[in-house]
């Protein structure tokens, strides 16, 4: 193992089940074919082994983590290990008394996603009627004294309303607002022509967010994550492959990111079969893109290789069919025209309809 | 703004944790963490909302054997940075 001495964050994908069907869902396209979810005791062991490895942050996510009825036990276990425990949720399905229990058990932060600022638009992206309930849940989060992160995934249909999103976040008393542009992998890549904004849209929204960041400094943290497609150089995806993040999928695969198991030719271990420390240090999948030996040109001789670590492996694979290719987002990539073509198409996109994942939980009222 | 009467406390989203690997304190908050040096940790440990800035400065200048005005300048600058990041607040 090279520089990757310890992971800081464990992303626990507790389930792929979700009442929502967001058109940019980060779960793999084949989520329905995955095996049985880990049981409570296995998750608690994973938390212990992760903490022992150096993990200090725990994200409880999914799918929708609330559909697990053992969330109380998992929060208790996590806080017993002094992990900073963050629940990343759609807010559905949740009752106020359950949220009160989470508070009593020491849950540190609640992150709620909304899809837009108006119910009809938000629900269209989520594929279910959920918006009004989400706002109600966000209200409970603050009323119970939790810090609230509001997460909004941005795309061409809501980018022009970023000012309204910020106003809503202020009204809800959010401590942190994540304005996270869609990254075009998996479901979002499938829906790319309906989601990719124009550069002008993006720049206007970015300016609005920058103004808000100044104005709200010290009260609400405003984060604006640019889509890779409008960068000239890729960001360090996951802070580099197998460097800081450790993700465990619902069925127990230990991964460097949420889509790593969709890359061909890599072997990933299951936490049911092998201790986490061994997986982190020795598994073929984790070591595949650590260091620089795997890098092709132009990455291998590029000064930025220690900054961006070659960009996103999943993006490289999904666009070029080769996981070790230079991320096409980079202007130096021989495949960069793929990104330029997508940008050009965004200026005059064809009429498109969203493609939704199938419902996995009896949903309130499915749309579409 | 941080002033002499401020009673700083950590924001509700921020939590101190001792890290066995680095043998330092970390300030953890959603999705992020800061690895603190000894001085920063000493300051933040006193940010409970119970101590005024003057009391914090007094304690630290005795601990480090430094003049209070020097310590105050450093503490105010540090706490202002933390307040701007939404990690420290003035207790109500």
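What follows is calculated from the coordinates using simple rules that are stated; it is not laboratory data. Treat the numbers as computed from the prediction; the structure is a model and nothing was measured. Virtual Cβ from ideal backbone geometry, glycine too; neighbours counted across all protein chains shown.
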Task: Beta bridges per DSSP with both ends in the protein assembly as shown, % antiparallel, nearest 5 - done: 35 percent
Open item on the list: Let's test this: bin the Cα-Cα distances of the protein assembly as shown at 20 Å from zero up to the farthest pair and state each bin's percent.
Closed with: 23, 57, 19, 1
- [ ] Could you work out the mean count of beta carbons from other protein chains within 10 Å of each residue's beta carbon in B:86-92?
- [x] 2
Open item on the list: Give the average, rounded to an integer, of partner chain Cβ atoms located within 10 angstrom of each Cβ in B:21-32.
Closed with: 6
TODO: Of all alpha-carbon pairs in the stretch A:186-320, indicate the percentage at a distance above 22 angstrom.
DONE: 51 percent
Open item on the list: If you average the C-alpha positions of the stretch A:39-59 and of the stretch A:161-194 separately, how far apart do those two centres end up, in angstrom?
Closed with: 29 Å
Task: Acute angle (nearest 10 degrees) that the helix B:53-64 long axis makes with the longest principal axis of chain B, alpha-carbon atoms - done: 90 degrees
TODO: Determine, from the Cβ-Cβ distance of residue A:97 and residue B:58 and an R0 of 41 Å, the FRET efficiency 1/(1 + (r/R0)^6), rounded to the nearest 0.05.
DONE: 0.35
Open item on the list: Run the numbers for residue A:300 and residue A:164: contour at 0.36 nm per residue of separation, minus the present Cα-Cα distance, in nm.
Closed with: 44.6 nm
Task: Prolate/oblate/rounded label for the stretch B:8-84 (Cα gyration tensor, a/c 1.5) - done: prolate
Task: Whole-number percent relative contact order across the stretch B:8-84, with pairs defined as alpha carbons under 8 Å at least 6 apart - done: 24 percent
Task: 10 Å Cβ neighbours from other chains, averaged over peptide A:148-156 - done: 1
TODO: For residue A:231 and residue A:104, compute 0.36 nm times the residue count separating them, minus their Cα-Cα distance, and round to one decimal in nm.
DONE: 41.4 nm
Task: Gyration tensor (Cα) of the stretch A:205-278, equivalent ellipsoid semi-axes in angstrom - done: 35, 16, 10
Task: Prolate/oblate/rounded label for the stretch A:148-187 (Cα gyration tensor, a/c 1.5) - done: oblate
- [ ] Provide the FRET efficiency to the nearest 0.05 for the residue A:171-residue A:352 pair, computing r from the beta carbons and using R0 = 30 Å.
- [x] 0.40
Task: Order of A:281, A:297, A:13 under a 10 Å beta carbon neighbour criterion, fewest first - done: A:297, A:281, A:13
Task: chain A, relative contact order in percent, only Cα pairs under 8 angstrom and at least six apart counted - done: 21 percent
Task: Added length on full extension, which subtracts the Cα-Cα distance from 0.36 nm per residue, residue A:337 to residue A:203 - done: 46.1 nm
